[in-house]
Structures are given as C-alpha cells and as structure tokens.
Amino acid sequence: MAASTERNERDGRLGGPDELSEREQAAVETLCYRLADDELVLGERYTEWQVRAPTLESDLALSNIAQDEFGHARLWYDLLEDFGYTEADLIFERDPGAFRHATLVELPFEKGDWADAIVRSYLYDAAEHLRLEALENSSYPRLADRVRKVLSEERYHREHARNWLERLTAGAEGRERVQSAADRLFPHALALFEPVGESDADVDALGLRTESLDSMREQWLDTVLPFLSSLGIDAAPELCEGTDVESLLPESVGRDGSHTDAWPELHAEMTRTYRDLGRTEARRIMSDPDDAE
Amino acid sequence: MIWEVFRQEQAGEYHTHCGNVHAPDREMALTFAQIQHGRRKPTHSLWVVPQPEVSEVDDEAATFGGTTDKSYRWVMPYNRVDPEFAEEIAESEAEQRDADEQRSEG
C-alpha cells in the first residue's frame, strides 16, 4: 500500500495533514475528536461552578482549570481544522450525537456537590495524564508537537484534585460525599477508555498513540484505586471480586455517539447564543495556535 | 486562615508582597496562590506566610527616622563635590594601600 510505504520511509512518522492517506486521516480525526470533545465539554461543565464554588480561591482555581481545558480543546480542534473543518462544523453546528467525549464529562453535577467536581476532576486528570504521555511520541508530528505544552498545565490539575480529595476525606461527612460521587462517576470514567469505533484500532496500528486503550485503563486503575483506597474510598469494589471491567460500564459511554440526556441539553445551551444571533461562523478572537507558537 | 503571598518575578530578585489567599493549610495556600497571584504576571517563585506570623510596627508606635533634621544622612552633598577631589581620594587610598603592604612586608 502506497501510504504505508510512505510512512516507513519517514521512520514510522506520518506526514503533514495534506499528505495523509484516507485511512490515516480517519485515524487522526478519531483521535482528535476524542481529545477535543472531552476537553471542551468538561471545561463547559466546570464553568457552572463560577461564582458558586465554596470560596473565592477555589472558584478561581477551578475557573482557571476550565480555561486550561478550553485552551487544550482549541489545540486539538485546530488539528481538525487542518482538514478543512471550521469551528462552526466542529462545535456550533455539529450534531450533538456526533460528539465523541466520554459521558464522565457531560453529566450534570449533583447540585452544589463540590465533591462531585473534585472526584470528576481527579478521575479525568489521572486518565488525561496517561493519555498525553501516550501521545508524546505520536507518529503524527502535528500532534506530538503540542503535547508537552498541555502536559505541563495538567500537573496542576492533578495536584489540585489530590489536595482537595485528601482534605474532603479527612472527616466522616466529606468522606461519605466523596464516596457517593465516586460510586456515581466511576462507571462513566471507565468510558474514557472505550473506543470510538473501528478507527480507534488504527490509532494504535498507525502509531498515533503508543499505548492501547486497554493498557491505559489498567495503568489508570493501578493509579486511582490505591490512592482512593488510601483515603478510605472504595471506588470499584466489584473489580476486586473479579468482575469484568466491561460489565461496569454505563448504558451510554459517549465515545460511540451514545450519550445521556444531559448532553443534547448542554449542547443546546452552549450553542444558544450562536443560534440566537443568527451566526453562520464562529468569530475568531485569538490568533491561530500555529502563529502563536 | 489567611496566608500572605509574596511574588518573585525573576531569580535573585526580592519577593514582594502581592496580596493574600484564604486556605486551610500551607499546601492549599500554595495551590491557590499559584492561580490567584501567579497566573497573570511573570512569576519565578511564590512564598506563602501565615498571616499571624507576620509582625508589625507602624508609625503610631514608632517614629521612623526620628524627628530632628538628619539630612546629613543623605549623601546628596557629595554630588556637588569638585570632581578633582575624586582623584585626590583615589591617590590617598592608593597611598594607604601601599603603606599597608609595606607594613606587612616589614
């Protein structure tokens, strides 16, 4: 096959966006949608805490994390724009059913439950870290070049979540709330490691990602379960009893386009102003990430 | 609990007080301070200090610098010195150095 010969000549690295075969482009798109949609939707959810977090300081910290996630989404959507898509195609005019984020990021927060925000952030950021590490040596240079920048911001996210978890679980009431958030969110966090479809196998086969989803899930379980357990939180007791991970998954995982009812609602809200103003394209207020680099 | 925050822009410079954060302990104070005081301005390092650990003396309790005229403390008058004196001073210093060396040799 011409495309694979091309890839081998480049030492296993893929070319630029215009040089990809159809199969290669499909795999890059699959990967970028996973990344971008997760970050966008999680950032959108986090903003609901603005002016509602427990203190001014925690409000600023979470808002800042939300802004980081939007910034990361922008980097990944920009790679999709290489293929001719516009921001309107990718976000504002896209069918909510076409989004590929995991359901963890779309679920509404339990009203006023800060433990929900913190547990969600912890489960997500631990997975995000593994996922980014598996992209540092991606065969697609456009992607690999952007990973380091994102990784350095993610460190704060993990520390922030861990610091909060340690303190929330210091008392009985807090521990109970963390436990109940973990019970509710854990199955949806497992959805982070679900494939988008068959093209996800190509993401591995073409070296876009250097760790498979299964292998990352194992590493993630080895990270989060012992940490939560050290805080007195039992996140997935079924797993210790030998239950298959797949059986713990929620009905909708998001990755395959199946979402909870909360998602179309959130998407409608997120894009309402765009529609109300009768827009047909998204205004650009920042320079292209390539120009800013 | 309130933690006073000091920001250093570049290595080697002084940490300058820039505000405070509310946090239950030292680690959370550092976590919050990074965002509240380190995200917009160039930052090389932040200190957080528990507010009760800061001691104060103000101008009600003390008369800073005293009350009598001590303008002689300011070296301003030297600005009006005849530059030739500078040579004289340099010569005099050189003489003293020589004398000192001779003494130690002797």
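Going through A:F70, A:F83, A:F92, A:F99 one at a time, which residue ends up being in contact with a Phe, Trp or Tyr (Cβ under 6 Å, 6 or more places away or on another chain), at pLDDT 95 or above and away from chain B (no Cβ under 14 Å)? Full working, then the answer.
Values: A:F70 fails: in contact with a Phe, Trp or Tyr (Cβ under 6 Å, 6 or more places away or on another chain); A:F83 fails: in contact with a Phe, Trp or Tyr (Cβ under 6 Å, 6 or more places away or on another chain); A:F99 fails: in contact with a Phe, Trp or Tyr (Cβ under 6 Å, 6 or more places away or on another chain).
None of the others qualify; the one that does is A:F92.
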Query - Filtered residue count, the range A:146-166, keeping only those that are surrounded by fewer than 16 Cβ atoms within 10 Å (Cβ to Cβ) and either closer than 24 Å to B:A23 by Cβ or at pLDDT 95 or above (or both) - result: 5
Requested in this report: Just one of (1) surrounded by 19 or more Cβ atoms within 10 Å (Cβ to Cβ); (2) more than 24 Å from A:S215 (Cα to Cα); (3) small (G, A, S) trips up A:G97, so point out which.
Outcome: (1)
Report task. Please list, ordered by first then second residue, the pairs with beta carbon atoms under 6 Å, 6 or more apart or interchain, first in the range A:142-171 and touching a residue at least 60 places away in the same chain (Cβ under 8 Å), second among the hydroxyl-bearing types (S, T, Y). Result -> A:H160/B:T31; A:L165/A:Y122
Report task. Name the single residue, out of those in the range A:185-212 being outside any loop (DSSP other than H, G, I, E, B) and among the charged types (D, E, K, R), that is surrounded by the fewest Cβ atoms within 10 Å (Cβ to Cβ). Result -> A:D202
Report task. Collect the residues in the range A:49-64 that are away from chain B (no Cβ under 13 Å), more than 16 Å from A:V119 (Cα to Cα) and either free of Cβ contacts under 8 Å to residues at least 24 places away in the same chain or not in a loop (DSSP other than H, G, I, E, B) (or both), keeping them in residue-number order. Result -> A:Q50, A:V51
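Among the candidates A:S287, A:S215, A:S258, which residue alone is polar (S, T, N, Q), without any contact (Cβ under 8 Å) to a residue 60 or more places away in the chain and assigned to a helix (DSSP H, G or I)? Write out each step before concluding.
Numbers: A:S287 fails: assigned to a helix (DSSP H, G or I); A:S258 fails: assigned to a helix (DSSP H, G or I).
So the residue among A:S287, A:S215, A:S258 that is polar (S, T, N, Q), without any contact (Cβ under 8 Å) to a residue 60 or more places away in the chain and assigned to a helix (DSSP H, G or I) is A:S215.
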Requested in this report: Taking A:G112 as meeting all but one of (1) on the phi > 0 side of the Ramachandran plot; (2) under 11 Å from the mean Cα position of the chain (by Cα), write down the number of the exception.
Outcome: (2)
Report task. Tell me, please, whether a residue that is out of contact with any strand residue (DSSP E or B) (no Cβ under 9 Å at 6 or more places or on another chain), within 14 Å of chain A (Cβ to nearest Cβ) and closer than 26 Å to A:L60 by Cα can be found in the range B:37-60. Result -> yes
Report task. Scan B:V81, B:V49, B:V21 and give me the residue that is surrounded by 10 or more Cβ atoms within 10 Å (Cβ to Cβ), touching a residue at least 40 places away in the same chain (Cβ under 8 Å) and β-branched (V, I, T). Result -> B:V49
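The values are calculated or read from the model by the stated rules, or taken from the named source; none is laboratory data. It should be emphasised that the depicted structure is a prediction, and the values quoted were computed from it without experimental measurement. Neighbour counts run over all protein chains shown; Cβ positions are idealised from the backbone, glycine included.
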